[in-house]
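One structure is given here, and the rest of the page talks about it.
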Amino acid sequence: ARHRWWERVAPRAEKHLIVLSLSARIAGVVLDARRPMNKDSRVRYEWVSAGSPVSFDTHGDPCDAPKNFYHSYGKGRNELGNQGELVAAFDGMHGWFGATAPATRSR
């Protein structure tokens, strides 16, 4: 039997920790973390910025999404952290996008 790519997600509980260390001298950093999820599956998340505030968007993209499709689970601006549980609204890629403030140039 042929399986869709997102059906390869393990049904058992998994725990992953990702630690990203970025230099405080770098501004305008963009991170995008996603994982394939089946509809109604859940993932708990928590992130913390020990430096610059982060603007973020927790979102999902279904397989074969129509052009300009967009589904957001939540957004925040200038936050130092966030946590919660994401419940997949559909089969597809779900995750988190964050960006620090861009560098400004003084004269």
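Evaluate the distance, in nm, between pseudo-label points positioned 7 Å from the Cα of GLU46 and of LYS15 along their respective Cα→Cβ axes.
1.1
Using the per-residue mean of other Cβ atoms lying within 10 Å as a proxy for protection, in what order, highest first, do the peptides 46-56, 63-73, 84-94 fall? Please report the intermediate quantities before stating the final value.
Numbers: 46-56: 14.6, 63-73: 10.0, 84-94: 17.4.
Descending mean neighbour count gives 84-94, 46-56, 63-73.
Could you work out how much longer the chain between GLN83 and LEU31 gets when fully extended? Use 0.36 nm per residue separation minus the Cα distance between them, nm to one decimal.
On the way: separation 52, 0.36 × 52 = 18.72 nm, distance 1.64 nm.
The GLN83-LEU31 span can extend by a further 17.1 nm.
Suppose R0 equals 25 Å; then what is the FRET efficiency for ASN68 and PHE90 from their Cβ-Cβ distance, rounded to the nearest 0.05? Working shown, then result.
Details: r = 16 Å, r/R0 = 0.65.
Given R0 = 25 Å and the Cβ-Cβ separation, E is 0.95.
Bear in mind that the values in this text are calculations on the coordinates, not laboratory data. Being a predicted model, the structure only gives us computed values, none of them experimental. Positions of Cβ are backbone-derived with ideal geometry, glycine not excepted, and every protein chain shown enters the neighbour counts.
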